[in-house]
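Asker: Mind having a look at this structure? Questions to follow.
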Amino acid sequence: MEAELLDLMRQYGYIILFFWSILEGESGLVMAGLFVHTGDMALVWAITTAGLGAFVGDQLYFYLGRFKKEYVIRKFGSQKRKFALAKLLLREYGGFIIFIQRYLYGLRTILPLCIGLMGYSPRYFAILNGISAFCWSAIIIVPVWYFGDTILSLIAYAKTHWYFFVPVIILGIGFFIGFVRRRSARSKVLKSRSRSNV
């Protein structure tokens, strides 16, 4: 199964990376960085393909918010808290939030939708989104390519010594739960602030 997946990536790597970057994110870029390291992909083309996919994905969300407001409100009705936080961040930080939206866990889909809903200039958003998308792809792919030997060695070691990583996974889950709780508390504070400003 693993060999078949690797062969598929070698044959259709750029196509898979493009659509992966539209739908998801970092894991596809890490995979691309490793394929660049092994010589199965070209660095420039991997960065370009991933950046273009990320750009297209956020443009789709932006125009969905801009022209399908009722659908967005109906589809994402359960995400009201995140939309309130996104609006507050956009009002306070403007274009800077557009640039760093891919690094904001839990808001990556909500922010471009919200930007479209708020009537931002399509040209302004496209420029910042394009710069952000290609920077994001380079920031992830280049280090993975450069440290490819170390990463591949760790992967090989983890396959045969998986039990050493159990404590790390448990700690990671603990940190993640703590992070989510802090974000939830911060979101409540920001939401109350946004209500008081209305």
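None of the figures in this text is laboratory data; all of them are computed from the coordinates on show. Computed from a predicted model, the values in this text were never measured in an experiment. Because the Cβ atoms are built from the backbone with ideal geometry, glycine has one as well, and the counts that use them run over all protein chains shown.
Asker: Name the residue, out of Pro167, Pro112, Pro122, whose mean-square fluctuation peaks in a Gaussian network model built on the chain with Cα pairs under 10 Å.
Answerer: Highest fluctuation of the listed residues: Pro167.
Asker: Which three extents, in whole angstrom, do the alpha-carbon atoms of the chain cover along their principal axes, largest first?
Answerer: Reported extents, whole Å, longest axis first: 56, 40, 27.
Asker: How tilted is helix 80-93 with respect to the longest principal axis of the chain? Cα atoms for both, answer in degrees (0 to 90, nearest 10).
Answerer: Roughly 90 degrees, rounded to the nearest 10.
Asker: Among Ala42, Ala32, Ala133, determine the one that fluctuates most according to a GNM of the chain built with springs between C-alpha atoms less than 10 Å apart.
Answerer: Of Ala42, Ala32, Ala133, the most mobile in the Gaussian network model is Ala42.
Asker: Relative contact order (percent) for the stretch 2-148, with alpha-carbon contacts under 8 angstrom and 6 or more residues of separation?
Answerer: Details: 162 pairs, mean separation 51.8, N = 147.
With pairs under 8 Å counted, the relative contact order is 35 percent.
Asker: Any chance you could give the angle, 0 to 90 degrees and rounded to 10, that helix 148-160 forms with the longest Cα principal axis of the chain?
Answerer: Between helix and principal axis, roughly 80 degrees.
Asker: Peptides 139-152, 46-59: what's the order by average Cβ count within 10 Å, highest mean first?
Answerer: Values: 139-152: 16.1, 46-59: 23.2.
Descending packing order for the listed peptides: 46-59, 139-152.
Asker: Same structure again: If you fit an axis through the alpha-carbon atoms of helix 2-23 and take the longest principal axis of the Cα set of the chain, what angle between them do you get, 0 to 90°, nearest 10?
Answerer: Tilt of helix 2-23: around 20 degrees.
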